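Here is the structure we will look at, set down as structure tokens.
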Amino acid sequence: MKQLYLILSFLFIANIYSQPKLIPDFRLESISGEKVSLYELLRTGPVYINFWAMWCVPCRAELKALQQIYNEIKYKGVNVISINIDSPRSTSKVKSFIAGQKYTFPVLLDPNQEVFKKLNGYNLPYSLLIDRDGKLVKVRNSYLPGDEREIKKDIQSLIKY
């Protein structure tokens with residue numbers, strides 16, 4: 001009987017920790033000055049969040065790949081946003097970089113890295129895929145050329161056709 005109790009307790013605890021994590025809401029300013037809320041974006045569908053910085057070479061490579069993915073999925077109910085974590089002094093550089101690269105997905109600013117830390121970010125690039133219910137589906141802690149195929153596949157798994 002004691003063994004049965006231990007097994008059931010273990011299964012209960014394992015079930016609790018295997019449940020998808022609910023992502024807390026946040027509100028950040030975009031490079032165009034508008035306030036953007038995660039939960040407002042989730043009303044229209046899943047969200048892919050990519051944290052990056054100007055000094056991060058793999059981040060810039062991933063942004064280029066994300067633009068290609070965004071072009072393919074932007075009308076399918078998935079939101080792609082990038083969040084820059086450079087210092088407040090770098091904001092003008094971020095704006096000119098985004099304009100120069102002609103990126104069209106929303107770019108938000110987290111100059112004090114509050115949201116980055118709140119979402120357990122510790123290195124760059126750092127990306128999260130969140131389903132429409134606000135549950136964390138996938139975490140990526142790096143980017144190498146070719147990873148865009150996996151990113152696209154993960155995003156497409158959440159698209160309702």
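The values are calculated or read from the model by the stated rules, or taken from the named source; none is laboratory data. Note that the coordinates shown come from a computational prediction; the quantities given were computed from them, not determined experimentally. Neighbour counts are summed over all protein chains in view; Cβ atoms, including those assigned to glycine, are modelled from backbone coordinates with ideal geometry.
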Open item on the list: Of all residues being among the small types (Gly, Ala, Ser) and assigned to a helix (DSSP H, G or I) in the stretch 70-96, which is modelled with the lowest pLDDT? Just the residue, please.
Closed with: SER92
Open item on the list: Residues that are over 14 Å from the mean Cα position of the chain (by Cα), of a type in the set (Ser, Thr, Tyr) and either closer than 20 Å to TYR143 by Cβ or surrounded by fewer than 21 Cβ atoms within 10 Å (Cβ to Cβ) (or both): does the stretch 113-122 have at least one?
Closed with: no
Task: Among (1) touching a strand residue (DSSP E or B) at 6+ places or on another chain (Cβ under 6 Å); (2) outside any strand (DSSP E or B); (3) over 13 Å from CYS56 (Cβ atoms); (4) not polar (S, T, N, Q), the one test that LYS138 misses - done: (2)
Task: Members of the stretch 97-127 that are of a type in the set (Phe, Trp, Tyr) and at pLDDT 95 or above - done: PHE97, TYR103, PHE105, PHE116, TYR126
Task: Candidates SER30, SER96, SER37 - the one that is under 19 Å from ARG132 (Cα atoms) and of a type in the set (Gly, Ala, Ser) - done: SER37
Open item on the list: Any residue in the stretch 54-76 that is farther than 14 Å from LYS152 by Cα sitting within a Cβ distance under 7 Å of a residue that is among the acidic types (Asp, Glu)? List the pairs, counting only those 6 or more apart or interchain.
Closed with: MET54/ASP86
